[in-house]
1. Go through the stretch 76-89 and give me each residue that's within 22 Å of GLN64 (Cβ to Cβ) and aliphatic (A, V, I, L, M).
2. Residue check: is ASN313 in a loop (DSSP other than H, G, I, E, B) and not basic (Lys, Arg)?
3. Inspect the stretch 81-102 for any residue being within 16 Å of ARG46 (Cβ to Cβ), at pLDDT 85 or above and either not acidic (Asp, Glu) or not in a helix (DSSP H, G or I) (or both) and give the result as yes or no.
4. Take the residues in the stretch 56-76 that are assigned to a helix (DSSP H, G or I) and touching a residue at least 40 places away in the same chain (Cβ under 8 Å); name whichever of them is farthest from ALA116 (Cα to Cα).
5. I'm told SER109 meets every condition in (1) free of Cβ contacts under 8 Å to residues at least 24 places away in the same chain; (2) under 30 Å from LEU139 (Cα atoms); (3) not hydrophobic (A, V, I, L, M, F, W, C) except one. Can you identify the failing condition by its number?
6. Testing SER292 on (1) over 21 Å from SER426 (Cβ atoms); (2) of a type in the set (Ser, Thr, Tyr); (3) surrounded by 14 or more Cβ atoms within 10 Å (Cβ to Cβ), one condition comes back false. Which one is that?
7. Which members of the stretch 341-354 meet the condition of being under 14 Å from VAL303 (Cβ atoms) and buried (at least 22 other Cβ atoms within 10 Å of the Cβ)?
8. Here are some residues: TYR23, TYR30. Which one is within 60 Å of the chain's Cα centre (by Cα), at negative phi and surrounded by fewer than 16 Cβ atoms within 10 Å (Cβ to Cβ)?
Amino acid sequence: MKYWWLRIFLATVGPMLVAWQLYEWVWLPYTYDLEVDKVEAELTVRSGALQQQFNGLGTGQWQQAVAAYNQTSDDLLELVQDDDQQWAELYATLVSKGESGLYVDGDTSIALIQLADNHSLLRNEVFYFDIDSSMDMILWLFVLGGMLASAACLAAVLRPMRERLAVVSRATDALLGNETAPGLLEVRGSGSVAEVERAFNGLQQRIDDATQRWQQTLSSQRDLLHAVAHEFRSPIARLRFAQDMLADVESESERANLVEKVDTAIVELDDLVREVLGYSRIRDGGYRLQRSLVDVEPLLEQVADKIRQVYSNIELVIHADDTSVPILADQRLTERAIINVIRNAARYAVRRVDIELTADSQHLEIVVNDDGPGIAPGKRDRVFEPFTRLDASRSRDSGGSGLGLAIVRAIMQQHQGAIRCEESRSGGARFVLSFPLPVSTASQSHKTLQNRKTP
């Protein structure tokens, strides 16, 4: 509700102002006119009586009669004759406005009386203006009416607000009571209630997102648990087989061979447990990133040297831009992601793996191409799922726990980056790791690219 405070102010003060204006501009003039008419009527009767009384007296008795009247009355009675200074003005008023030698003015409470000699006037002024005491009661009635009208207007103004807050309250109760999600509220206008509605919608959206992420995590954890249980079966089966065979063999060489197989299966289980725990920590955010500026080109050289020691028959070639752009990342996880991707490419390559390092104004990309058999388009997203084997003929003996590329995707997601699988120019697999650049680094990279484009 926009400007609700102004509406409340007008609803409370407005009716009181209207009531006061009605009292002052309507009721008071009306009662004043009634009092003026009453005074004029009383002055008319009193003046007529004085006119008859003085005309019945002799001219020499008028001064004494005026003095006697003033002693016994609260009014002021004056005898004005034609030689007085105010005679001309009073006589002119009497002639122009009076009737039958009598003029009464209720506003000033003054009466002019013409006496029989036509050279004398009586000026009678009333000092006491009797206002009816019931006007105080009328004032309080107007005040009470204004208060009742203010209460009614305030209730009318607050009613939509109360209704909207009641909707928010019911939605909150439903949300806290684990009932059916009430959905987003309709935000109308602006103001405090609208802010409450927007805040509730934001909270509802965050809860929905958290619930969806929790469901996805739960589903992912369940799938991972099933996959881990399946992966554990093979080494456990070998352990059981070796255990059963140890009781029957008599040759020391056979016994030593079985013990070696047991040790291999235990190491395999240990590696698998370590990889699963590491993958879960990275994917679910349990690992806190230690971000720093990482120069990727030297890191690629170090990783390539390590891979060459394992896959000496594969040629690893690094192609880098003229400029080296650092990224803001966790160096340990970044190195692990690069190792997993290059090792995967070297494992299935025939002769060569090409590693390209490029940067634009917003991203730095590491592109790994191999000349192996490649991956079918419909299966390229599945390679990033845990324990995924696209070719049933590839056994664990070829190396790896089945979590390498899944760990890479989890690492890239933690860095707000991405990884995708495409087809390389030679028909093999092409993996692209895209890291976002820091704002300052991105700006510097953009300027460098512009300079390189300028001849």
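1. So in the stretch 76-89, the residues within 22 Å of GLN64 (Cβ to Cβ) come out as 76-84, 86-87.
Once the filter is applied, which keeps residues that are within 22 Å of GLN64 (Cβ to Cβ) and aliphatic (A, V, I, L, M), the stretch 76-89 yields LEU76, LEU77, LEU79, VAL80.
2. Numbers: in a loop (DSSP other than H, G, I, E, B): yes; not basic (Lys, Arg): yes.
Spelling it out, ASN313 is indeed in a loop (DSSP other than H, G, I, E, B) and not basic (Lys, Arg).
3. Yes, that holds for at least one residue.
4. The initial filter retains those residues of the stretch 56-76 that are assigned to a helix (DSSP H, G or I), namely 59-72.
Going one step further and asking which of them are touching a residue at least 40 places away in the same chain (Cβ under 8 Å), we end up with 59, 62, 66.
Values: THR59: 9, TRP62: 11, VAL66: 16 Å.
Of everything passing the filter in the stretch 56-76, VAL66 is farthest from ALA116 (Cα to Cα).
5. Answer for SER109: the failing condition is (1).
6. SER292 satisfies all of (1) over 21 Å from SER426 (Cβ atoms); (2) of a type in the set (Ser, Thr, Tyr); (3) surrounded by 14 or more Cβ atoms within 10 Å (Cβ to Cβ) except (3).
7. Selection gives VAL341, ILE342, ASN344, ALA345, ALA346, VAL353.
8. Numbers: TYR23 fails: surrounded by fewer than 16 Cβ atoms within 10 Å (Cβ to Cβ).
Going through TYR23, TYR30 in turn, just one is within 60 Å of the chain's Cα centre (by Cα), at negative phi and surrounded by fewer than 16 Cβ atoms within 10 Å (Cβ to Cβ): TYR30.
The values are calculated or read from the model by the stated rules, or taken from the named source; none is laboratory data. Small disclaimer: the values here were computed from a predicted structure and weren't measured. Every residue, glycine as well, gets a Cβ built from its backbone with ideal geometry; the counts of neighbours run over all protein chains shown.
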